[in-house]
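J.: Structure provided below as structure tokens; questions to follow.
The values are calculated or read from the model by the stated rules, or taken from the named source; none is laboratory data. Fair warning: this is a prediction, and the values are worked out from it, not measured in the lab. All Cβ positions, even for glycine, are placed from backbone atoms using ideal geometry, and neighbour counts span all protein chains on display.
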Amino acid sequence: MENIKYNRLNSARNAYLIGIKGVGMCALAQILKSRGVRVLGSDTYEKFFTDEVLKKLKIECKEGFAKKNLPKNIDVVIASNAYINTQNPEIAEADRRGVSVISYPDALAELFNNAYGIAIAGSHGKSTTTAMLGYILEYAGMDPTVIVGSRVNQWGSNARASRQNLKSLNSPTNGAHHYFVAEADEYRDAFLKYRPKMIVLTNIDYDHPDYFKTEAAYKKSFQKFMRRVPKDKLIDGRQAELTQKFDLKLKGEHNQQNATVAYLAARKLGVKADTAKEALRRFSGLSRRFESYGSYHGALLYDDYAHHPTEIRAAINGAKQTHPDRKIIVMFQAHTFTRTKKLFDDFNTALKSADEVYILKTYSSARERGEDIWGKKLAKALNTRYFTTHKAAANYLHKNQNYTGSTWVVLALGAGDGWQVLMLLKNIK
């Protein structure tokens, strides 16, 4: 494990974040600002929900990357994983000046490791479980810092900064009794940088085949991480039984499972049972988790982040439970060529649980180039249409009145921007 010196951020007064619109980076910006650090940064011109978060917090974001963007009085530069190993001109300028450049995982680990860190790990359900536990602790008056991979509806942001005086709280002495709940991402073994006091594991289901070449390698990484805490500080969702049904606004058995592990973690942290249950009852969910986009000619429109076969099955089942009298049409956008290729048969099976399914061009990663061969193969295997643009998909749904009647739910699935189909559909006159 990398030895991280905590004083790199503790002594910083001016921080510049490259890729500041990313959900993790935006959350980090909020937390640093709450600790008295002057924060600004840069990113692409593309618009995200984090644009509004940064604007509300009065955190400047320069659009486009240039060495002239880097102010003279910067103490530290934090770079998103998307840019840390690239020829980014701002990183090059920081190196030229001798300014310390830290990756996002290292920066998060520095803050997390010097608090009472509660890491939420697993293949599925991390964001929802993190938000649930964070909200329970907030409701119980425990004032946690929380970083989530999506916008939490009740916070209007994907982060919650503790309201304590935190200017020096990221030192080991002061942070020991401060709860810090964060998603622990397994991709590229990022979670091995963290030294949690408690781990909440949702599940383990093979993913990220571009990095973990085998299922055994994937599981080995989790096993190594879980050994970071004593057994009594590990909440293992694979062993947690659904002995009670929670009163939730969120539908689906997967959300009952998420609530179960969040509840067990909260109880271990000293939250009373009734308090935890009431917080879960009030919890209103996250963006891009079966998020309503209204309706179109009677058809109900929803978007969900599900991009793994297990998540797809859960999302479709949740839609059926919520609207048992309606048929489900899925507009699926795969995320990365490698995942689609490696889990092809599982995607094919999972998507068949919908009444109708269509395939959008794959939302490939920045590291992937070339034709969307596996997205097209998936459409062929499902005997369905493949759309290269959101507009073409929306126009098809508009013209085919079978899918805009009152008996349909249109569900956009994927980690990319498939939700734009729903927005375009609503704007067709």
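J.: Of (1) at pLDDT below 90; (2) crowded, with 20+ Cβ neighbours inside 10 Å, F49 satisfies all except one. Which?
T.: (2)
J.: Oh, and also: Name the residue, out of N14, N69, that is at pLDDT 90 or above and either in contact with a Pro (Cβ under 6 Å, 6 or more places away or on another chain) or under 24 Å from Q164 (Cβ atoms) (or both).
T.: When all the criteria are applied, what remains is N14.
J.: So which residues in the stretch 66-93 are in contact with a Ser or Thr (Cβ under 6 Å, 6 or more places away or on another chain) and over 24 Å from A109 (Cβ atoms)?
T.: N69
J.: Right, something else. For the stretch 278-358, please list each of the strands (runs of 3 or more DSSP E) lying entirely inside it that holds at least 1 residues being on the phi > 0 side of the Ramachandran plot and either of a type outside the set (D, E, K, R) or not assigned by TED's automatic domain parsing to the domain that holds I373 (or both).
T.: By residue number, 291-296.
J.: Give the number of residues within the stretch 394-421 that are modelled with pLDDT of 95 or more and either among the basic types (K, R) or not in a strand (DSSP E or B) (or both).
T.: Summing the residues that are modelled with pLDDT of 95 or more and either among the basic types (K, R) or not in a strand (DSSP E or B) (or both) in the stretch 394-421 gives 0.
J.: I need the full set of residues from the stretch 24-46 which are part of a helix (DSSP H, G or I) and either surrounded by fewer than 22 Cβ atoms within 10 Å (Cβ to Cβ) or touching a Leu at 6+ places or on another chain (Cβ under 8 Å) (or both), in order please.
T.: Listed by number, the residues that qualify are G24, M25, C26, L28, A29, Q30, I31, L32, K33, S34.
J.: Out of everything in the stretch 177-227 that is in a loop (DSSP other than H, G, I, E, B) and under 16 Å from the mean Cα position of the chain (by Cα), what residue ends up being surrounded by the most Cβ atoms within 10 Å (Cβ to Cβ)?
T.: This residue is A184.
J.: Which residues, counting only those in the stretch 9-23, are assigned to a helix (DSSP H, G or I) and either of a type in the set (A, V, I, L, M) or at positive phi (or both)?
T.: L9, V23
Table: residues versus (1) in contact (Cβ under 8 Å) with a residue 60 or more places away in the chain; (2) among the hydroxyl-bearing types (S, T, Y); (3) more than 20 Å from A12 (Cα to Cα); (4) part of a helix (DSSP H, G or I).
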residue: V77; (1), (2), (3), (4): yes, no, no, no
residue: Q87; (1), (2), (3), (4): no, no, yes, no
residue: E90; (1), (2), (3), (4): yes, no, no, yes
residue: V101; (1), (2), (3), (4): no, no, no, no
residue: A119; (1), (2), (3), (4): yes, no, yes, no
